[in-house]
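Everything on this sheet refers to the single structure shown next.
The values are calculated or read from the model by the stated rules, or taken from the named source; none is laboratory data. Because the structure is predicted, anything quoted here is derived from the model rather than measured. Positions of Cβ are backbone-derived with ideal geometry, glycine not excepted, and every protein chain shown enters the neighbour counts.
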Amino acid sequence: MITGELKSRVDRIWDTMWSGGISNPLSVIEQLTYLLFIKRLDELHTRAEHKAARTGRPIKQPLFAAHQDDLRWSRFKELAPEQMFETVRDRVFPFIKSIGQTSDSDEGSTYTHHMKDALFMMPTARVLANVVDQLDDIDMADRDTKGDLYEYMLGKIATAGQNGQFRTPRHIIRLMVDMTAPTPKDVICDPACGTAGFLVAASEHLVEHHGDRIYKDTQSRRRFNEGTFHGYDFDPTMLRIGSMNMLLHGVENPDIRYRDSLAQTDLAGAEDDAERYSLVLANPPFAGSLDYESTAKDLQQVVKTKKTELLFVALFLRLLQTGGRAAVIVPDGVLFGSSKAHRTLRKILVEEQKLDAIVSMPSGVFKPYAGVSTAILVFTKTNSGGTDDVWFYDMEADGYSLDDKRTPQPDNSDLADILARWRNREAERKRARTDQSFLVPKAEIAGNDYDLPVNRYKEVEYEAVEYDPPKVILKRLARMEAEIAEERLELERMLA
């Protein structure tokens with residue numbers, strides 16, 4: 001989350017662009033993302049130059065060729081406003097749109113495909129120069145600043161909670177990625193990828209834990225860059241931002257495509273993706289209900305419903321190969337909804353697949369955008385059952401305050417405990433139902449009509465509180481009233 005000085009700086013940049021004539025909030029976010037992308041490219045190239053100077057070796061695959069040195073942020077930021085405007089509009093912007101193109105292919109990367117429709121919308125040289133000056137002090141080296149900006153800016157949009165365009169908190173994403181522990185063999189998908197936060201986190205996990213295997217040879221590197229990460233979205237702006245995000249995090253050509261994941265019209269292209277992925281990570285937008293006619297028919301065969309939260313779970317099952325696993329966020333209604341479609345889907349997860357875990361999250365996790373209660377659903381596709389015990393965890397704190405401010409509270413977080421207990425679930429058999437986490441056998445879940453909210457199975461200890469007998473309390477009240485009357489009379493005598 002953006003806080004403090006950086007938050008104030010973003011507000012000033014927003015005001016600058018707004019007063020300059022860019023009135024569409026998503027256009028503001030998109031233009032800022034382009035500029036931050038350009039800045040980040042220069043920072044990465046500068047880092048490569050320093051490494052080359054230390055090692056005495058030339059830069060491998062430099063971002064800027066020798067004749068493109070004047071396109072770097074650190075160079076054009078020193079230019080006069082009019083000259084800067086012409087350079088960015090006529091040379092820098094076409095340059096970033098062409099990144100990923102190769103001489104072997106006219107089409108280039110998915111990044112190039114999504115960027116071909118990008119527009120440079122800065123209205124005047126003065127506005128561009130002002131924004132560049134303000135952005136210049138933002139350090140992008142150690143954080144996904146584009147995502148921070150996007151997350152904070154959407155808090156300014158009144159419809160953010162309605163259109164689903166808000167990011168999942170990064171610490172929740174990291175928890176889900178760590179719980180599923182991706183390996184270089186995984187083929188990972190997010191069918192509602194947005195800014196590609198889940199795919200970025202998965203790539204960082206792979207680099208951190210399996211870097212030697214990813215980069216051991218050309219074939220491994222190509223698989224990581226082109227065959228591991230797949231994402232869909234139906235917002236072209238999000239596709240551009242997601243592609244830039246992945247490129248800046250070292251994934252050169254992820255498969256990020258335009259697709260309405262639930263729509264019948266996109267089914268022809270989606271058939272190739274059935275049972276293709278070994279890992280699904282997602283927090284799709286649960287926007288309500290769709291028309292039967294527009295929804296993919298094979299999803300309706302799994303569960304007859306119009307509700308997007310149920311259709312997305314059916315979609316996850318379709319996308320996963322046998323043995324594939326998923327960690328996805330669902331609204332609590334999926335866990336306890338009483339309709340036939342709700343019960344059918346829960347029964348499928350418990351009886352036909354392997355339901356591994358339910359992590360119940362507090363309702364403030366997605367504030368200030370939404371206050372709905374949600375849970376992390378972790379399951380494995382088997383098509384032959386396998387659920388023995390389901391692990392429940394009742395998360396009470398995530399390291400931030402649960403109000404709209406979401407103030408960091410690093411000493412108040414259950415995330416480390418969740419991950420440690422998840423990795424040693426066998427020891428959870430000894431846990432009582434009064435604890436924060438415990439195992440529930442499948443037979444008990446089936447006996448409860450496959451209801452899955454943690455409160456259905458958690459036991460609450462009540463402390464007995466003893467009160468004085470009513471006569472004692474009444475005597476105490478009478479004594480207090482007498483004291484009040486006496487002090488009132490004393491006050492009246494003082495005022496007489």
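When the residues of region 187-227 are filtered to those that are surrounded by 15 or more Cβ atoms within 10 Å (Cβ to Cβ) and farther than 18 Å from H249 by Cα, the one that is farthest from the chain's Cα centre (by Cα) is P191. Does region 228-240 contain at least one residue that is crowded, with 23+ Cβ neighbours inside 10 Å, within 20 Å of I99 (Cα to Cα), of a type in the set (A, V, I, L, M) and touching a residue at least 60 places away in the same chain (Cβ under 8 Å)? Checking region 228-240: at least one residue is crowded, with 23+ Cβ neighbours inside 10 Å, within 20 Å of I99 (Cα to Cα), of a type in the set (A, V, I, L, M) and touching a residue at least 60 places away in the same chain (Cβ under 8 Å).
Sort out which residues of region 359-380 are under 15 Å from A282 (Cα atoms) and either modelled with pLDDT of 95 or more or of a type outside the set (V, I, T) (or both), and write them in order of number.
Start the filter on region 359-380 by keeping residues that are under 15 Å from A282 (Cα atoms), which leaves 359, 366, 374-380.
V359, F366, A375, I376, L377, V378, F379, T380, listed by residue number.
Could you pull out the residue among T305, T382, T374, T322 that is in contact with a Leu (Cβ under 9 Å, 6 or more places away or on another chain) and not aliphatic (A, V, I, L, M)?
Working: T382 fails: in contact with a Leu (Cβ under 9 Å, 6 or more places away or on another chain); T374 fails: in contact with a Leu (Cβ under 9 Å, 6 or more places away or on another chain); T322 fails: in contact with a Leu (Cβ under 9 Å, 6 or more places away or on another chain).
On inspection, the qualifying residue turns out to be T305.
The criterion of being surrounded by fewer than 21 Cβ atoms within 10 Å (Cβ to Cβ) and either modelled with pLDDT of 55 or more or more than 15 Å from the chain's Cα centre (by Cα) (or both) does not hold for L135. The one condition from (1) in a loop (DSSP other than H, G, I, E, B); (2) at pLDDT 80 or above that L349 does not meet is (1). Inside region 248-270, residues that are modelled with pLDDT of 60 or more, surrounded by fewer than 19 Cβ atoms within 10 Å (Cβ to Cβ) and hydroxyl-bearing (S, T, Y) make up a count of 1. For region 355-394, filtering for residues that are surrounded by 22 or more Cβ atoms within 10 Å (Cβ to Cβ) and either assigned to a loop (DSSP other than H, G, I, E, B) or touching a Gly at 6+ places or on another chain (Cβ under 8 Å) (or both) leaves 1.
Applying the criterion of at least 2 residues that are within 25 Å of R167 (Cα to Cα) to the helices (runs of 4 or more DSSP H) found wholly in region 179-284 leaves 197-214, 236-248.
Are any residues in region 297-333 outside any helix (DSSP H, G or I) and over 23 Å from S363 (Cα atoms), and if so, which ones?
In the first step, residues of region 297-333 are kept if they are outside any helix (DSSP H, G or I); the result is 303-307, 320-332.
Across region 297-333, the qualifying residues are V303, K304, T305, K306, L320, Q321, T322, G323, G324, R325.
Among the residues of region 428-459, the one identified as within 12 Å of D394 (Cα to Cα), of a type in the set (V, I, T) and in contact (Cβ under 8 Å) with a residue 60 or more places away in the chain is V454.
As for region 26-33, it holds at least one residue that is at pLDDT 85 or above, outside the structural domain of G250 (by TED's automatic domain parsing) and over 28 Å from D403 (Cα atoms). With respect to the conditions (1) among the charged types (D, E, K, R); (2) assigned by TED's automatic domain parsing to the domain that holds V350; (3) part of a helix (DSSP H, G or I); (4) free of Cβ contacts under 8 Å to residues at least 12 places away in the same chain, E492 lacks only one, and its number is (2).
Quick one: in region 408-466, of everything that is assigned to a loop (DSSP other than H, G, I, E, B) and at pLDDT below 90, which residue is surrounded by the most Cβ atoms within 10 Å (Cβ to Cβ)? Explain how you work it out, then say what you get.
The initial filter retains those residues of region 408-466 that are assigned to a loop (DSSP other than H, G, I, E, B), namely 414, 424, 431-436, 448-453, 457-466.
From the residues that got through so far, the ones that are at pLDDT below 90 too are 459-466.
Numbers: E459: 11, V460: 7, E461: 7, Y462: 6, E463: 4, A464: 4, V465: 5, E466: 4.
Ranking the candidates gives E459 first.
Listed by position, the helices (runs of 4 or more DSSP H) enclosed by region 1-104 that each have at least 1 residues that are under 23 Å from R240 (Cα atoms), among the basic types (K, R) and free of Cβ contacts under 8 Å to residues at least 40 places away in the same chain are 93-98. Restricted to region 328-354, and to residues there that are of a type in the set (A, V, I, L, M) and touching an Asp or Glu at 6+ places or on another chain (Cβ under 9 Å), the residue that is surrounded by the most Cβ atoms within 10 Å (Cβ to Cβ) is V334. The residues on offer are F336, F312, F316, and the sole one that is farther than 23 Å from Q436 by Cβ and touching a Pro at 6+ places or on another chain (Cβ under 7 Å) is F312.
Quickly run through region 8-56 and pick out the residues that are loosely packed, with under 15 Cβ neighbours inside 10 Å and of a type in the set (G, A, S). Across region 8-56, the qualifying residues are S8, S19, G21, S23, S27, A52, A53, G56. Among the residues of region 396-407, those that are part of a loop (DSSP other than H, G, I, E, B), at negative phi and out of contact with any Ser or Thr (no Cβ under 6 Å at 6 or more places or on another chain) comprise E396, L402, D403, D404, K405.
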